[in-house]
Amino acid sequence: MIGTLGWFVIGMVAGAVALTAIDIFWNNIAEWLNNTAANAVERVLGYKARKCMEKAVARVSKMRDKLHNITVVYTRQSALDTHIQKVTLESSAPLYEQEQDVIELFERENTLLKELEYRG
């Protein structure tokens, strides 16, 4: 018979496998949650519930990106370009381990610009 310790070890291994699978396939899971599952939630519970669900998925995605030191940047080559490039940056060190002068230089020299253009 498997004792309490055996069941604990089996549970830990199963949990680790489940978390790894969720982590690997998170983008697909998040897309499904924001589309298919959110439509069902909206039909049953209403629009406010859908928005709350989408916010929760976005928070989990942000937390996952912080844990993996990933940043997604949308940019254009020039101001006249019609296509936006999606660039995913992965840092080898978390932000708190980077040198302070590098962080200050980045904050001082870079600006975040949100520019939306309607093409009807």
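The values are calculated or read from the model by the stated rules, or taken from the named source; none is laboratory data. All of these numbers come straight from a predicted model, not from anything done at the bench. Heads up, the Cβs are rebuilt from the backbone with ideal geometry, glycines too, and the neighbour counts pull from every protein chain shown. Side chains included, ligands, DNA and RNA excluded: accessible areas come from the protein's heavy atoms. Shrake-Rupley method; radii C 1.70, N 1.55, O 1.52, S 1.80 Å.
Working carefully through the options ASN34, ASN27, find the one that is open to solvent by 90 Å² or more (accessible area, probe 1.4 Å) and touching a helix residue (DSSP H, G or I) at 6+ places or on another chain (Cβ under 9 Å).
Testing whether each residue is open to solvent by 90 Å² or more (accessible area, probe 1.4 Å) and touching a helix residue (DSSP H, G or I) at 6+ places or on another chain (Cβ under 9 Å) leaves just ASN27.
Can you find, within region 76-101, the residue that is farthest from THR20 (Cα to Cα) among those that are modelled with pLDDT of 75 or more, surrounded by 10 or more Cβ atoms within 10 Å (Cβ to Cβ) and of a type outside the set (A, V, I, L, M, F, W, C)?
ASP81
Mind checking which pairs have a first residue in region 2-14 that is open to solvent by 80 Å² or more (accessible area, probe 1.4 Å) and a second that is assigned to a helix (DSSP H, G or I), Cβ under 6 Å, 6 or more apart or different chains?
none
Only residues that are loosely packed, with under 12 Cβ neighbours inside 10 Å, of a type in the set (Ser, Thr, Tyr) and in contact with a strand residue (DSSP E or B) (Cβ under 7 Å, 6 or more places away or on another chain): list them for region 37-75, please.
If the condition is that a residue be loosely packed, with under 12 Cβ neighbours inside 10 Å, of a type in the set (Ser, Thr, Tyr) and in contact with a strand residue (DSSP E or B) (Cβ under 7 Å, 6 or more places away or on another chain), then TYR74, THR75 are the ones that fit.
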